[in-house]
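Report on the structure given below.
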Amino acid sequence: MKNILIYNSGGGLGDSIQLIPLILSLKSHYKKTKFYYLGAHSNHFSGKLKEYSIDIKTLNLDLKYFGFRWWHLFFVKSRFEQKNFQKFDLIIDLQTKLRNSLILKLIPHSLFYSKTFNYLLSSKKNKIKSIDIIEDLSIFLEEKIKLVEFKTNQLPKQLIKESKRLLPNSNYIGFSLTQGNEYRKKSWSIYKFISLANKTTIRNKIPVFFIEKERYELIEKIKNQVPGAIFPELHSNLSCPALVTALASRLDMAISIDNGIMHMMGLAKIPMIVLFGPTNSNKFAPKNNYTKILDSKKIYNSTDINMISVDDVFNEI
């Protein structure tokens with residue numbers, strides 16, 4: 001394999017962060033291969049995620065929202081040729097929309113991996129299938145690819161040092177309650193988060209909230225109702241997803257809804273309780289043995305995340 005292309009159509013930062021173990025595993029297996037990333041959105045590894053030091057190039061075909069417009073069909077090959085890209089040995093399609101897969105397949109390649117329509121567009125169908133992407137790729141390629149996890153010591157030393165300055169002690173418990181994408185109501189009530197944070201202080205835990213600096217009113221509301229709450233990012237000139245991962249490594253545990261911060265913290269491999277309502281916990285929850293999932297669909301047969309009670313979460317703590 002000389003070069004491999006990975007395509008991700010997800011729009012949020014979390015969708016990109018979820019790919020880090022896959023990329024590290026492939027890079028470990030194919031040590032001399034050049035890797036390229038094609039995203040439908042701007043969350044790529046040479047931009048907002050560069051501090052994670054993932055060595056992967058961005059494939060830019062100058063087609064915004066790649067795969068989401070039928071007219072892309074008429075420009076993929078010409079743009080590819082204009083930029084003098086080499087034919088890919090393997091294209092990995094990480095989504096299942098037929099339109100996107102058809103457009104992606106027009107990029108010159110030798111092997112094409114895609115689960116779309118039960119592997120219909122793949123170079124070959126997997127006789128044995130797995131929901132785990134690394135295991136499924138191993139079956140497709142007939143090569144055993146070993147999982148390589150991200151480790152926080154891979155983060156820039158500046159971020160690790162800053163996280164220790166901001167959270168110098170122990171007994172911290174993290175909270176992430178804001179959703180970046182408003183298309184689904186997946187936020188747990190702020191009042192439930194406040195009640196839960198105050199309950200944890202009784203157990204000598206220090207609540208640490210991860211909230212965007214511009215959410216002034218929300219921060220003030222929590223400050224007024226959770227004495228001793230810490231907002232570490234307010235006291236730093238640094239701001240990036242990798243800093244959140246570094247800060248998470250200082251926590252005893254964390255509670256989060258389904259959002260980008262959940263994935264940033266998940267890379268730190270700390271115990272987490274993640275709350276799900278309308279979204280798919282099997283698909284989006286961090287894949288490790290440290291995570292406990294509370295899904296309102298499974299517990300209360302409802303997509304309303306607020307069916308989950310404060311006691312449900314506190315009992316898991």
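The values are calculated or read from the model by the stated rules, or taken from the named source; none is laboratory data. Owing to the predicted nature of the structure, the values given are computational and were not obtained by experimental measurement. Cβ atoms come from the backbone with ideal geometry, glycine included; neighbour counts cover every protein chain shown. For the accessible areas, the whole protein counts, side chains as well, though only heavy atoms, and no ligand, DNA or RNA atoms are used. Shrake-Rupley method; radii C 1.70, N 1.55, O 1.52, S 1.80 Å.
Can you confirm whether Ile54 is outside any helix (DSSP H, G or I) and surrounded by 15 or more Cβ atoms within 10 Å (Cβ to Cβ)? Yes: the conditions hold for Ile54. Residues considered: Ser170, Ser195, Ser187, Ser123. Of these, the only one that is under 22 Å from the mean Cα position of the chain (by Cα) and hydroxyl-bearing (Ser, Thr, Tyr) is Ser187. Among residues belonging to segment 105-123 that are within 25 Å of Phe85 (Cβ to Cβ) and among the hydroxyl-bearing types (Ser, Thr, Tyr), point out the one that is surrounded by the fewest Cβ atoms within 10 Å (Cβ to Cβ). Per the criteria, the residue is Ser110. Restricting Ile56, Ile17, Ile6, Ile91 to those that are within 21 Å of Ala242 (Cα to Cα) and in contact with a strand residue (DSSP E or B) (Cβ under 6 Å, 6 or more places away or on another chain) reduces the list to Ile56.
Residue by residue, here is whether (1) open to solvent by less than 70 Å² (accessible area, probe 1.4 Å); (2) more than 18 Å from Lys27 (Cβ to Cβ); (3) of a type in the set (Lys, Arg) holds:
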position: Leu90; (1), (2), (3): yes, no, no
position: Asp93; (1), (2), (3): yes, yes, no
position: Lys125; (1), (2), (3): no, yes, yes
position: Ser130; (1), (2), (3): yes, yes, no
position: Glu135; (1), (2), (3): no, no, no
position: Phe140; (1), (2), (3): yes, no, no
position: Leu147; (1), (2), (3): no, no, no
position: Phe150; (1), (2), (3): yes, no, no
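A single entry from Lys105, Lys146, Lys164, Lys157 fulfils the requirement of being under 30 Å from Trp71 (Cα atoms), modelled with pLDDT of 95 or more and among the charged types (D, E, K, R): Lys105. If you go through segment 4-14 and keep only what is more than 19 Å from Ser53 (Cβ to Cβ) and open to solvent by 10 Å² or more (accessible area, probe 1.4 Å), you end up with Ser9, Gly10, Gly11, Gly12. Kindly indicate whether any position in segment 204-220 is among the charged types (D, E, K, R), farther than 26 Å from Phe284 by Cα and touching a residue at least 24 places away in the same chain (Cβ under 8 Å). Taking every residue of segment 204-220 in turn, at least one turns out to be among the charged types (D, E, K, R), farther than 26 Å from Phe284 by Cα and touching a residue at least 24 places away in the same chain (Cβ under 8 Å). For segment 176-210, taking the residues that are of a type in the set (A, V, I, L, M) and either over 14 Å from Asp258 (Cα atoms) or out of contact with any helix residue (DSSP H, G or I) (no Cβ under 7 Å at 6 or more places or on another chain) (or both), the one that is surrounded by the fewest Cβ atoms within 10 Å (Cβ to Cβ) is identified as Ile202. Only a single criterion out of (1) touching a residue at least 40 places away in the same chain (Cβ under 8 Å); (2) open to solvent by 20 Å² or more (accessible area, probe 1.4 Å); (3) more than 18 Å from the chain's Cα centre (by Cα) is not satisfied by Lys287, namely (3). Go through segment 28-49 and report how many residues are open to solvent by 20 Å² or more (accessible area, probe 1.4 Å) and in contact (Cβ under 8 Å) with a residue 60 or more places away in the chain. Count: 3.
The residue that is most open to solvent (accessible area, probe 1.4 Å), counting only those in segment 211-230 that are closer than 12 Å to Tyr172 by Cβ and hydrophobic (A, V, I, L, M, F, W, C), is Ile230.
Starting from segment 165-177, take each residue that is under 16 Å from His235 (Cβ atoms) and list its partners that are among the β-branched types (Val, Ile, Thr) and open to solvent by 20 Å² or more (accessible area, probe 1.4 Å), counting only C-beta distances under 7 angstrom and pairs at least six apart or across chains. As it stands, the answer is Tyr172/Ile206, since those pairs meet every condition given. Of all the criteria given as (1) open to solvent by 40 Å² or more (accessible area, probe 1.4 Å); (2) in contact (Cβ under 8 Å) with a residue 40 or more places away in the chain; (3) closer than 25 Å to Pro21 by Cβ; (4) not acidic (Asp, Glu), the one not satisfied by Gly67 is (1).
Taking the condition without any contact (Cβ under 8 Å) to a residue 40 or more places away in the chain, open to solvent by less than 70 Å² (accessible area, probe 1.4 Å) and not acidic (Asp, Glu), does Leu102 pass? Yes: the conditions hold for Leu102. Could you go through segment 26-43 and let me know if any residue there is within 12 Å of the chain's Cα centre (by Cα) and either part of a loop (DSSP other than H, G, I, E, B) or within 23 Å of Leu106 (Cβ to Cβ) (or both). Yes, that holds for at least one residue. Pro21 satisfies every condition listed in (1) open to solvent by 50 Å² or more (accessible area, probe 1.4 Å); (2) outside any loop (DSSP other than H, G, I, E, B) except (1).
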